[in-house]
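S.K.: Below is the structure I would like to discuss, written out as C-alpha cells.
The values are calculated or read from the model by the stated rules, or taken from the named source; none is laboratory data. None of these values were measured; they are calculated from a predicted model. We place every Cβ from the backbone using ideal geometry, glycine too, and count neighbours over all the protein chains shown.
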Amino acid sequence: MKTKKIISTILIFAFVFTYFSMIKSTVSSTDIISPYFYTIGAGSNNSIAIKKDGSLWGWGVSITDQIKLFPIKIMDDVIQVSTGSVHTMAIKSNGSLWAWGYNKDGQLGDGTIITRYSPVKIMDDVIQVSVGTVHTMAIKKDGSLWAWGSKIGQLGDNIKENKTNPVKIMNDIIQVSAGYLHTMTVKKDGSLWTWGDNQYGQIGDGTKTPYADFIATENNNNKTSPVKIMEGIKMPFPKVGDLLGDILYSDIVSYINGNAIPTSVINGKTLVTVEDLARYGFDVVWNNGDRTLKVELNKNKKISPLPVVKDTTHKSGTFKCKYVYTDIKTYLSGEVVESFAINGVTLINFELLVKYGKLTWDGKAREIRLVIDK
C-alpha cells in the first residue's frame, strides 16, 4: 500500500513537471513580456495591451470566465483600445471600430444584446473610443460624438433607454472620457461638457442626486443631455513641429518593382518618404496653399531609383531620430492617409501602396516587395 502511494506521488509530480515544462517550451518570456507595449488598458478583471507591431494582447478573466495567466493574441493592426468592466473596444489603423464582451445593455453597439466572444465590427472612421461600465463613447474623424449602451443618462441623448446601435450626440468633439455612469467631453473651442449620473456631484454643475433619487432615476439631478461646465480646457492636439515619437533603425529593405527604396520605422510600421516616390513611377504634387501632397501612379514615368545600402552599423530597433507633428495632408489617388514628418520630408506607411499592386513579405530575408499591377 505504501509502495502504491509512493508511485502515485511520483506520477503526479512527473505530470506536473511535464505540464509546466510544456508551458515553458511553448510560451517564451520574450513573447509575453515585451518592452514594446505602446498602449495598455486595465479592466475590472482583465488587462489588455497593444504591441509596437499593432498586435493586441489580453490576459486575466476572459469572457468565458476562464483565467488567462499569460497574454494571448486577439487581433492585429490596432492603434487604440479601451476596456471596461465587462467589454472592450478597439480601433484599427483603417479607422474601423471593433467590440467584444458582455452586451446585456447594448454596450457593444452591434444592434443586439448578444455577448460576443470575438471582435465584431461596429462602425468606420473612428479616431477615439472610451468605454464606461455599461456604455461606450466614440469620436469619428469628422468630430461627431456617438454613444450606445445603458440608460442612466450617460449616453447624452436625453432619452433613458438602452441603445444597441450608435446614436449621434453632438459635433466638434476632440476628446471624450466615459466614466462609471457619466461622460465628459471637450469641444474644439476648449469647452468642457458632462452628463449622466450625478450621485456624487461628478457632473460639476453645482448639484448632486441623493441616493434615493438615484435609485428612482426620476425627478433627480442626473443629466441626460450635455451640460456645459467650463471653458479654457487645454487642447490635446500638438502644434506643428511638436515632437511626437521615435524613428527606429531597421534591417528591413523595401522594394518597388525590384528597385530598393529608403525606409524608416515608426511604431512597428515601415515608412517611405513621399517625395522619394517621384523616382519610382509616381507623380507627387505639392500644393503650398492647402498644404497637401498628392500622389498618383504614373506607369509611363521614368524610374530613377535611389541608391540603398542595407544598414549593418546600427542595431535594428534602436533609436534613430524623432518625428514631429505635421499639418500636411497626404493623398494616395484621392484618399487621405496618415503621414509623419522628419527633417522637412513627409513619410507614409509603405503597406498603403498595396492599392497599386501586390505586397509580399519575406521574413527570412527581411524584405517587403511591392509589384505594381500592369
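Matching residues to (1) at negative phi; (2) of a type in the set (D, E, K, R); (3) within 19 Å of the chain's Cα centre (by Cα):
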residue: ASN94; (1), (2), (3): yes, no, yes
residue: GLY101; (1), (2), (3): no, no, yes
residue: ILE114; (1), (2), (3): yes, no, no
residue: SER118; (1), (2), (3): yes, no, yes
residue: MET123; (1), (2), (3): yes, no, yes
residue: VAL126; (1), (2), (3): yes, no, yes
residue: ILE139; (1), (2), (3): yes, no, yes
residue: TRP146; (1), (2), (3): yes, no, yes
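S.K.: Now for a separate question. Looking at (1) among the acidic types (Asp, Glu); (2) closer than 23 Å to ASP125 by Cβ; (3) at pLDDT 85 or above, which one does GLU231 not meet, given that it meets all the others?
M.R.: (2)
S.K.: When you look at ILE74, is it modelled with pLDDT of 90 or more, farther than 19 Å from ALA178 by Cβ and crowded, with 17+ Cβ neighbours inside 10 Å, yes or no? So that I can check it myself, show each step before the final result.
M.R.: Values: modelled with pLDDT of 90 or more: yes; farther than 19 Å from ALA178 by Cβ: yes; crowded, with 17+ Cβ neighbours inside 10 Å: yes.
Criteria met by ILE74.
S.K.: Surrounded by 13 or more Cβ atoms within 10 Å (Cβ to Cβ), touching a Pro at 6+ places or on another chain (Cβ under 7 Å) and either at pLDDT below 80 or in a loop (DSSP other than H, G, I, E, B) (or both), is that true of GLY58?
M.R.: Answer is no for this residue.
S.K.: Residues in the range 278-313 that are closer than 21 Å to LYS329 by Cα and either touching an Asp or Glu at 6+ places or on another chain (Cβ under 9 Å) or basic (Lys, Arg) (or both): how many?
M.R.: 13
S.K.: Then there is this: Filter the range 61-71 down to residues that are modelled with pLDDT of 80 or more and closer than 17 Å to VAL131 by Cα, then give me how many there are. Please lay out each step first, then the result.
M.R.: First, the residues of the range 61-71 that are modelled with pLDDT of 80 or more: 70-71.
Cutting the leftovers down to closer than 17 Å to VAL131 by Cα gives us none.
Counting residues in the range 61-71 that are modelled with pLDDT of 80 or more and closer than 17 Å to VAL131 by Cα gives 0.
S.K.: Sticking with this one: Can you tell which of VAL186, VAL131, VAL176 is among the aliphatic types (A, V, I, L, M), in contact with a His (Cβ under 9 Å, 6 or more places away or on another chain) and modelled with pLDDT of 90 or more?
M.R.: VAL131
S.K.: For residues that are in contact (Cβ under 8 Å) with a residue 24 or more places away in the chain and in contact with a helix residue (DSSP H, G or I) (Cβ under 9 Å, 6 or more places away or on another chain), tally how many sit in the range 333-374.
M.R.: 11
S.K.: Moving on to the next point. Please go through the range 72-109 and pick out each residue that is of a type in the set (A, V, I, L, M, F, W, C) and under 19 Å from VAL126 (Cα atoms).
M.R.: Residues satisfying the conditions are MET75, VAL78, ILE79, VAL81, MET89, ALA90, ILE91, LEU97, TRP98, ALA99, TRP100, LEU108.
S.K.: Any idea which of LYS121, LYS141 is modelled with pLDDT under 90, under 21 Å from GLN80 (Cβ atoms), in contact with a strand residue (DSSP E or B) (Cβ under 9 Å, 6 or more places away or on another chain) and charged (D, E, K, R)? Quick ask: steps written out before the conclusion?
M.R.: Numbers: LYS121 fails: modelled with pLDDT under 90.
So the residue among LYS121, LYS141 that is modelled with pLDDT under 90, under 21 Å from GLN80 (Cβ atoms), in contact with a strand residue (DSSP E or B) (Cβ under 9 Å, 6 or more places away or on another chain) and charged (D, E, K, R) is LYS141.
S.K.: Still on this structure, I have one more. Going through VAL308, VAL354, VAL345, VAL295 one at a time, which residue ends up being within 28 Å of ASP77 (Cβ to Cβ) and at pLDDT 95 or above?
M.R.: Values: VAL308 fails: at pLDDT 95 or above; VAL354 fails: at pLDDT 95 or above; VAL345 fails: at pLDDT 95 or above.
None of the others qualify; the one that does is VAL295.
S.K.: If you don't mind, another one. Answer yes if at least one residue in the range 355-364 is among the hydroxyl-bearing types (Ser, Thr, Tyr), outside the structural domain of ASP125 (by TED's automatic domain parsing), assigned to a strand (DSSP E or B) and touching a Gly at 6+ places or on another chain (Cβ under 7 Å), and no otherwise.
M.R.: No, the conditions are met nowhere in the range 355-364.
S.K.: Please verify whether LEU108 is under 22 Å from TRP146 (Cβ atoms), buried (at least 20 other Cβ atoms within 10 Å of the Cβ) and either more than 11 Å from the chain's Cα centre (by Cα) or modelled with pLDDT under 90 (or both), treating the condition exactly as stated.
M.R.: In short, yes.
S.K.: For the range 347-366, does any single residue satisfy the condition of being hydroxyl-bearing (Ser, Thr, Tyr) and buried (at least 17 other Cβ atoms within 10 Å of the Cβ)?
M.R.: Checking the range 347-366: at least one residue is hydroxyl-bearing (Ser, Thr, Tyr) and buried (at least 17 other Cβ atoms within 10 Å of the Cβ).
S.K.: Which pairs have Cβ atoms under 6 Å, sit 6 or more apart or on different chains, and link a residue in the range 67-84 that is assigned to a loop (DSSP other than H, G, I, E, B) to one that is at pLDDT 85 or above and of a type in the set (Val, Ile, Thr)?
M.R.: Correct list of pairs: GLY84/VAL131; GLY84/THR133.
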